[in-house]
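Every number here is computed from the coordinates shown, using simple stated rules; none is lab data. It should be emphasised that the depicted structure is a prediction, and the values quoted were computed from it without experimental measurement. Note: ideal-geometry Cβ built from the backbone for every residue, glycine included; neighbour counts use all protein chains shown.
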Amino acid sequence: MKRSGLFWSFLFFILFVPGIALAETVSLPVVIEYPLLRSIIVQSFFTGAETTLVALDQDNGCRKVVLSEPSFKPDDGTIKTRVAVSVKFGAYFMGRCIGTLKWKGVVEARQKLRIEPATWAIRFTTIDSALYDRNGQPATLTGIVWSVVKRSVHSRLDTLETPLGNILIEMESIMPAMFPDERKHIAEKLMASLRPGEVFTEDSCVKTSILADIPDLPAPDQKQDLESTSFTEEEIDRLTKVWETWDAYLTHEITTLSTNLLNEDDRQELLDLLLETRIRFVTALDNGLLDADFLRRQFVDGWMVLSPIIRTELLTRPEGKNPIDLFSFFFMSDTIVTLEAYSERLGLNFTRSGLFRLAQLMEGGEPVDLSYASGENSDLRKAIGIEEAGDEVTDPPEPGTIDKQKGKPDMEGRLEMFPLLFGGLIWRIAFSDVPENKPALPDVSEWLFKKHDVMSYIKKTGKLIEDSAEVVVSKGKLPAKYNPLYKTIVTATAWQESCFRQFSVKKGKAGPLVSYNNSSVGIMQIHLRVWRGIYDAQKLQWDIHYNANAGAEIAELYLRRYALRKMKKLKNPIDNDTLARSVYAMYNGGPGQFYKFVKRAKNKKFYLSDKLFAEKYEWTKAQEFYKTKKCLVGG
């Protein structure tokens, strides 16, 4: 393989566009777990019937040695290759096989591993071997038979290799498009430095590395670098789109996992990762902290969590996956983590195309959908340990404005826009005329608050919230002693978040109630970015029952899977009121708020949101719902 082709492949692995670099050798880790190694060897060599490899076939099958069932494990710096052996040994005379000996057993060969620089393949070289019967006991064959068997088996085992070069060649075709012309001179400097490292065997895997010298280049223009930290709206929009691809990629990786093989700890780690990734992005976007470094760090942090889960899953269930593609996928992801240590010196950028290619490798090269979809993803819900969302009571209307008098979406023959802002970026949903044959939309006027009928409205919406909480309680996952507290939390949350409103009315028109920063919607104020895929964005906006059910489910999730679990680690116990308020702190700011709220409670230094929820929580406990007039009509 040409060195230039290898170089392009190396750069593709890291998924970055380097800007600056200082002279230093980088060691990119190559890790091949033994199950993956077996899959690669089987795919490449054991291609006969019933996954076999013919080591010897002479005289029309009169002398035949067939290998099968390969396995690998470490052996004091070498690798022990174990194969089942089927031997047929006879004398071929006048077209007939006579005096035939048939034997089945096992050969264990101790082999040394090395990388062949010319082909970039990990080669196996046999040092010695031993023969065992099918019961694992040492066995012997007659001298001439064993001599023939040993020679043929050793010869075939010495042809085994892990074709790293094939992986690099596969990548080469897509590399040129990954780099702009102004970066190609850096590629030339790196090209000559690529070389293989040593090969080692460890308890769970074979390890080696690809070494590359980062070229010694001029330092960047500091003035230009400082100016580049001030992002235009267009640049923020570009970074947001990259992040959305990353979020879609993360969702894809999670949903690729088999839910049957995920244990409770795996599901919790995946939920933690998903929520933390999204909440940190929203926070960074709202506070002007979004940059290319942020996106790269999120990938690195995410892969540190995903890697052990995905490796265990895919190596346990390799069916339908190309092992060489899996190897490439693991290698490239690990390489990004390695290069994070050099990120400031290299000026690395994250690319959407790199994410697409990584996802394709995991899917054997097939096209992958990484669109930032807003619908409910049942596979995602299952993977993170959330049951299927319940059937909504009504079908949601099409997105649009609601005519207050008729209780129907207002189309009036013109294009309407209802903007939903994600931290300053508008996600606009466009509408057009309703076709004549379109089914009638449900009447939502009953959920439009009327000032003259406060208590009737609160009674109706309060019952809706209670019913949603009761549905969650009926599933029996929450310890029964916390059920009353949980129901109070849900009602107080609806009060604090929306004052029990799903819609708001402006100039005679109504639409979904949107938060002050235009990111959360409805009676339970569900954040559309944070809960994307877990709930359906359109239903959250237009179906009050669906929104209430989602909020009740989220509150129970924060109580059962976070607060009750984390409070066990506290030195001092907390009472139910503090527990309730910690759940709302997480509902409002994510899982990371639990310990922060406990600290605030200890020091009696609360956020305004803490105080406002505490007020609604106490009113809810006292059933003082007449006080909703304060937020519904004022006064």
Shape of segment 292-341, Cα gyration tensor, a/c cut at 1.5: prolate
J(HN,Hα) series, segment 367-372, from Karplus relation 6.51 cos²θ - 1.76 cosθ + 1.60, nearest Hz, glycine and proline x: x, 10, 8, 10, 6, 8
Packing-based order for 199-212, 125-138, 619-632, using average beta carbon neighbours within 10 Å, highest first: 199-212, 619-632, 125-138
Packing-based order for 521-529, 609-617, 503-511, using average beta carbon neighbours within 10 Å, highest first: 521-529, 609-617, 503-511
Values of log10 I(q)/I(0), in the order q = 0.20, 0.21, 0.23 Å⁻¹, for segment 19-88 under a Debye, Cα-only, solvent-free model: -0.89, -0.94, -1.03
Inter-centroid distance (Cα atoms) of segment 513-553 relative to segment 278-342, Å: 28 Å
Two-site label geometry, residue 446 and residue 516: point separation in nm, points 7 Å out along Cα→Cβ: 3.3 nm
Two-site label geometry, residue 137 and residue 211: point separation in nm, points 7 Å out along Cα→Cβ: 5.0 nm
Inter-label distance, nm, simple model (7 Å from Cα along the C-beta direction), residue 623/residue 307: 5.7 nm
Gain on full stretching of the segment that runs from residue 116 to residue 155 - 0.36 nm per residue minus C-alpha separation: 12.3 nm
Mean Cβ neighbour count within 10 Å, used as a protection proxy, ranking 113-123, 255-265 highest first: 113-123, 255-265
Extension gain from residue 338 to residue 58, taking 0.36 nm per residue of separation minus the Cα-Cα distance: 95.8 nm
Net lengthening on full extension, residue 605/residue 24 (0.36 nm per residue, minus Cα-Cα): 204.2 nm
Expected-Rg normalisation [2.2 N^0.38 Å, Cα atoms] applied to segment 523-624: 1.13
Whole-Hz couplings from phi, Karplus 6.51/-1.76/1.60, listed for segment 143-149; x for Gly and Pro: x, 5, 5, 4, 4, 5, 4
